[in-house]
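Data block below; observations after.
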Amino acid sequence: MNYAIIRTGGKQFRVESGATVRVPSIDKQAGEAIELETLLVGGDETKVGESVATVKVAATVVEHGRGDKIIVFKRSAASSISANRAIVRITLHY
């Protein structure tokens, strides 16, 4: 298996063996193993649909953390109104 497309937290991610990926929060403690839903397996032979039902993607939660703060700025030229808001997305590594 060269890579796999997994689904977690309502989003899809491309993962490779041995890689660390940031995903939305998972209700597990650091160090716990989890098994993820596989959507596609790619490489020498691509598998999709029912043929990936036997493929398991196992991961370990490395740590929980917060991502960088994202600044959102809105401005309406017609009414000269502007708004500034900061969002912090909570993510984890595994």
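The values are calculated or read from the model by the stated rules, or taken from the named source; none is laboratory data. Because the structure is predicted, anything quoted here is derived from the model rather than measured. Neighbour counts run over all protein chains shown; Cβ positions are idealised from the backbone, glycine included.
Assess whether residue 91 counts as being modelled with pLDDT of 80 or more and more than 15 Å from residue 4 (Cα to Cα). In short, no.
The residues on offer are 48, 62, and the sole one that is out of contact with any Lys or Arg (no Cβ under 9 Å at 6 or more places or on another chain), surrounded by 10 or more Cβ atoms within 10 Å (Cβ to Cβ) and modelled with pLDDT of 80 or more is 62.
The single condition among (1) surrounded by 11 or more Cβ atoms within 10 Å (Cβ to Cβ); (2) charged (D, E, K, R); (3) without any contact (Cβ under 8 Å) to a residue 60 or more places away in the chain; (4) over 12 Å from residue 60 (Cβ atoms) that residue 11 does not satisfy is (1).
A count restricted to the range 43-57 and to residues that are within 12 Å of residue 5 (Cα to Cα) and not polar (S, T, N, Q) stands at 8.
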